[in-house]
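I have placed the structure first, in the form of structure tokens, so that the comments after it can refer back to it.
The values are calculated or read from the model by the stated rules, or taken from the named source; none is laboratory data. Source: prediction; values computed, not measured. Cβ coordinates were reconstructed from backbone atoms using ideal geometry, including for glycine residues, and neighbour counts include every protein chain displayed.
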Amino acid sequence: MNRISSSPGATAFPPASEEVRVRRWKAGMTEAATDRVAVEVPVALSYNGVSHTVMLASPADLEDFALGFSLTEGIVESPREMRDVEVDLTEKGVVVKMTIASERFETLKDHRRSMAGRTGCGLCGADSLDQVVRPLPPVTATARFTPEAIQSAAQDMGGWQTLQQETGATHAAAWFDPSGKIHAVREDVGRHNALDKLIGALARTHTDVAAGAFLVTSRASYEMVQKSVAAGVGLLAAVSAPTAFAIARAEAWNLTLAGFVRPGSSVAYSQDWRLSQEEKE
């Protein structure tokens, strides 16, 4: 059971965007105006009463974020191991209190020693090279997609990004089927957070993730590849570029990685057989 609550003395739960006063300059003219900006708050994640990490995130879909993060970080292996999620607003930020299966919590005790926190680089909590690459099995998803299907999803993506339309400051992650139809989107100020939220949302609805693909409005970093592989999806498409490390791991993990998804074009970097209707040799 999920709960949302506020501690005594805390303000109302923050919206994902807020209005601010600005002075706008355009074509040599200035005027006083208002604008909407994205809100980001400190979000502390705790498991069985023990604080694990603090991240900056958009204060929306935090139950999805909690489950998605827990799955992609290997803290839990299935939604069944997440017993309870409580989102608590405090004066300093948001605390997401999770109760997980006792055997998974024992494993977490070792995991949390190697993770002081995550930032945009994706590896800032690691303290040894052995912690960089998680031992994940190769992707077994066999769903195929045409470049036109990716184009269709990319074209429709903007209509799902309500927070981006308001603020121009958020990333999004979408899950779409082989026809290019989008079924779910999550947004956040952080690209990793948006993908975790999407993965959590799909897990909560017991969606067969392997039957579709991910599209992200960011570059394809190593961590985005790792999260996609952990979720079991076969294709990750990004509107921007991948890194060499991301390409190498995508190839090793049997993930199809596409980048530079722009109107009328895209580039396949690994396992391009999923972008063909021909059988894999």
>> Quick check on my filter: what residues within the stretch 257-270 are within 22 Å of PRO137 (Cα to Cα) and in contact (Cβ under 8 Å) with a residue 24 or more places away in the chain?
In response: LEU257, ALA258, TYR269
> What about SER228, is it more than 20 Å from PRO59 (Cβ to Cβ) and surrounded by fewer than 24 Cβ atoms within 10 Å (Cβ to Cβ)?
Replying inline: no
>> Checking the structure you have, find out if any residue of the stretch 56-74 is over 15 Å from the mean Cα position of the chain (by Cα) and modelled with pLDDT under 95.
In response: no
> Quick check: anything in the stretch 171-188 within 17 Å of GLN271 (Cα to Cα) and more than 14 Å from the chain's Cα centre (by Cα)?
Replying inline: yes
> Within the stretch 76-97, how many residues are in contact with a Lys or Arg (Cβ under 7 Å, 6 or more places away or on another chain) and crowded, with 23+ Cβ neighbours inside 10 Å?
Replying inline: 1
> What is the residue count in the stretch 55-107 for residues that are more than 19 Å from LEU198 (Cα to Cα) and outside any strand (DSSP E or B)?
Replying inline: 11
> When both residues are 6+ apart or on different chains and their Cβ atoms are under 7 Å apart, which pairs have a first residue that lies in the stretch 16-37 and is in contact (Cβ under 8 Å) with a residue 60 or more places away in the chain, and a second that is assigned to a loop (DSSP other than H, G, I, E, B)?
Replying inline: ALA16/VAL39; ALA16/SER58; ALA16/PRO59; ALA16/ALA60; SER17/VAL39; VAL37/ALA169
